[in-house]
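The values are calculated or read from the model by the stated rules, or taken from the named source; none is laboratory data. Not measured: the values here are computed from a predicted model. Cβ placement follows ideal geometry from the backbone for every residue including glycine, while neighbour counts extend to all protein chains displayed. Calculation scope for accessible area: heavy atoms of the full protein, side chains included, ligands and nucleic acids excluded. Shrake-Rupley method; radii C 1.70, N 1.55, O 1.52, S 1.80 Å.
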Amino acid sequence: MTIPDVLVLEAVTKRFGGKEVVRPTSLKLGVNRALGIVGPSGCGKSTLLKLLAAVETPTSGTIVRNFAPDGAAPRPGASRAHCVMMWQHLLLFPGLTARQNIELAASSRFIPREERALRLRRYSQLLDLGPVLDRRVELLSGGERQRVALARTLIVEPAVVALDEPFSHLDPHLRYEARQLLCLLRRELGFSIVLVTHDRDDALYCCDEIGVMEAGGTIVQIASYEQLLDRPNSPTAAKFAGFSNVVPGTVLSFDVQASEADISTPFGVRRIRLGNTRVSGDSAVQIQALRSAFRVTTRERPNTVRMVLRQSFIDADRAVAVCSLDSLLIEASFEPPLQSADGTVFVDFNEKSAVAFSAGR
Amino acid sequence: MQLNGNGLPLQGLRHAVQFSSIAALCLVLAVPVAGLWMLALVGPGAAADPAGLRFGSVFLDQLDHNFAPILRSLLVGLISATGAVIISAALALQLWFLGGRANTWLLLIALPAFLPPIIVAIGATISFSLLSIYGGLWPIVTAHVFIGAALATPLLLGALKNMAPSLIVAANNLGVPLTRTVMAILFGWHKSTLVAAWLITFAFSWNEFIIAWFVGGTFTTLPVALYQSLASRFDSSTATLALVGWMIALILSAAGLASFARKELRLA
């Protein structure tokens, strides 16, 4: 027997007044799967999440929720009970202790007292909340509050946890821990996740698939990160996948079958794969390239272009140089050390790590 | 400012609320304490020198002769404060949901607090007379609730504004019923503010009469005159006074509304 998807959206839209915040969106979420929704600020990610969690109602379209484990129809009211949101600002109940915050949700669901106590013990142990359970939430640190919010969400044992930028206010160290914890809990408890974020690392760590949303409320691509990296279908998806450098170009000729084109670029004529857009001869395109597509050296070689080194830095696992040529600014990688007395460097462009889209898009 | 019970602003608010609660409590206690002080000051020999201790003697006289009215004014205070706080809580919740658009409404609700209480009282009198209810304490209670709500609503709203309205949505999403959210979360957190609001409205209501009696002595002050008139009967002179007062209140309210509406239009 196939297990039905826990959430199925079909052509769902949402309007506020005259403004369409979410354009027709269809997606599916399987049992114990994690879907990330990424996109620029204000593109409608949080509204979509609220639609999934039944906090908002769609203007049109249908949302099917299959929260019963055997695929049977959910009992009345179960939709809210079993898709619980964890909010960006956590929204813990002030004035109450961590324990009261966690228990309030459980007691409102008529979970028997013994079962509540059992779950509280389990989640406080999993989330290491023991020492802070009886402290008021406004006295807790950011990380502790985060864990209380997660425990409050999980104690009702939802089928789907909808997370709205859950790690955005955590410092990098806590952020890393929180991501690990979420992945661990998902594996252990078997719930599904919808994670709204504009942080690439959050999505990569926690999600099996990523839905890229464009400004205007349209999901342009839902795919695994590998697929996004291999074949992004829009500039937004490409940017999310890491193709953050944008270089202008002009199409000289193109091969529709191979989905490639010879493009004149500041780095010479290169054969670059095309994104899922239509191009024609002489049309302007924007080439999006990974940082690793550009290599910076201080020695001139064939096919390298002379640029001005603006800035460079090295951290644990990357070396980044920011170089410019007239109005073009790129982020490139380099092999340390990189020392240029007059600021002149030579940049090599590997077109295999680039993709082109029509400039009008 | 949107906070989830975190950080200094809410702690500062809590301290402010605690301070105002204590201040309001002191205010409420001030009247009986002052009375007891007067009693001690006057002592058994006060009658021998009434001119020297006029206030004290008069207060005791009033206490002797108007004990029932004082109790009635106490009752008015209790009912008014309770009614005002219930109405204020509902109003503050509504305004809280409105967010930034609440300011104009708040100013309108708070407007009666800037009017002389007596004007509102006679406004209520004429309103009740239009409903063929003459005399009795209800016009006074209504007026006090009206002004009490004007005092308490900004206080409660100020406290609520430090919480995100999405708390209600978050609680609902977790399955917490709305009544429980309001009682356990919103007003659970703000109970000291509620107590402060109740004490302030009670102090206002009771002092309205007690101070009038106390400082008025044998002279009949306007609140006392109105109170006596309403407590016993409703005559043509009260009706005329009420009509004039009501018109003043209406004109002031209309002027205030027009002013705020203009401001809103400018901002729009």
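For the reader, a short list of remarks on this structure follows.
- When nucleic acids and ligands are ignored and a 1.4 Å probe is applied, B:Leu111 ends up with an accessible area of around 30 Å².
- The listed residues B:Ser205, A:Ser224 rank as A:Ser224, B:Ser205 when sorted by accessible area, largest first, using a 1.4 Å probe.
- Relative intensity, log₁₀ I(q)/I(0), of chain A from a Debye sum that treats every alpha carbon as a point, q = 0.08 Å⁻¹: -0.51
- Vicinal HN-Hα couplings computed from phi for the range A:335-340 (Karplus, 6.51 cos²θ - 1.76 cosθ + 1.60; Hz; Gly/Pro x): 9, x, x, 10, 10, 10
- Take each residue of peptide A:102-110, count the partner chain Cβ atoms within 10 Å of its Cβ, and average: the result is 4.
- In a reduced charge model with +1 at each Lys and Arg Cβ and -1 at each Asp and Glu Cβ, the range A:235-300 shows a dipole moment near 300 debye about its Cα centre.
- Here is the interface size for B with A: some 2100 Å² of accessible area buried, both sides summed, with a 1.4 Å probe.
- Remark: spin-label model distance A:Asp199-A:Ala316 equals 1.4 nm, labels positioned 7 Å along the Cα→Cβ axis.
- Spacing of the two label points (7 Å from each Cα toward its C-beta) at B:Leu252 and A:Glu226, in nm: 7.6
- Theoretical ellipticity at 222 nm over chain A - DSSP helices of four or more residues, -39500 (n - 2.57) apiece, nearest 500: -7000 deg cm²/dmol
- For a paramagnetic label modelled on A:Ser340 (point 7 Å from Cα along Cα→Cβ), amide N atoms under 18 Å away belong, within the range A:282-313, to A:291-313.
- For A:Glu115, solvent-accessible area (1.4 Å; no DNA, RNA or ligand), Å²: 60
- The Cα atoms of the range A:187-326 cover 56, 40, 26 Å along the three principal axes, with the biggest extent listed first.
- Once all protein chains are placed together, A:Val64 keeps about 60 Å² accessible to a 1.4 angstrom probe.
- Zone of A:Ser60's modelled label, taken as backbone nitrogen in the range A:16-35 under 18 Å from a point 7 Å along Cα→Cβ: A:16-27
- The charge dipole of the range A:251-361, taken about the Cα centre with unit charges on the Cβ atoms of Lys, Arg (+1) and Asp, Glu (-1), comes to about 120 debye, rounded to the nearest 20.
- Calculated FRET value between A:Glu115 and A:Ser41, using beta carbons and R₀ = 35 Å, to 0.05: 0.30
- Interface residues in the range A:124-145 - accessible area drops by 10 Å² or more relative to the isolated chain, probe 1.4 Å: A:Arg136, A:Glu138, A:Leu139, A:Arg145
- Degrees between helix A:113-126 axis and first principal axis of chain A (Cα, 0 to 90, nearest 10): 30
- For chain A, relative contact order (Cα pairs under 8 Å, six or more residues apart, normalised by length) works out to 16 percent.
- Per-residue ³J(HN,Hα) for the range A:248-258, Karplus 6.51 cos²θ - 1.76 cosθ + 1.60, θ = phi - 60°, Hz, x for Gly and Pro: x, x, 10, 6, 9, 7, 9, 10, 5, 4, 7
- Nonlocal amide H pairs with A:Ser283, under 5 Å, H built at 1.01 Å: A:Val251
- For the range A:241-246, Karplus couplings with θ = phi - 60° (6.51, -1.76, 1.60), whole Hz, Gly/Pro x: 5, x, 7, 8, 7, 10
- Amide H contacts under 5 Å for A:Val194, placed H, 5+ residues apart: A:Leu35, A:Val161, A:Ala162, A:Leu163
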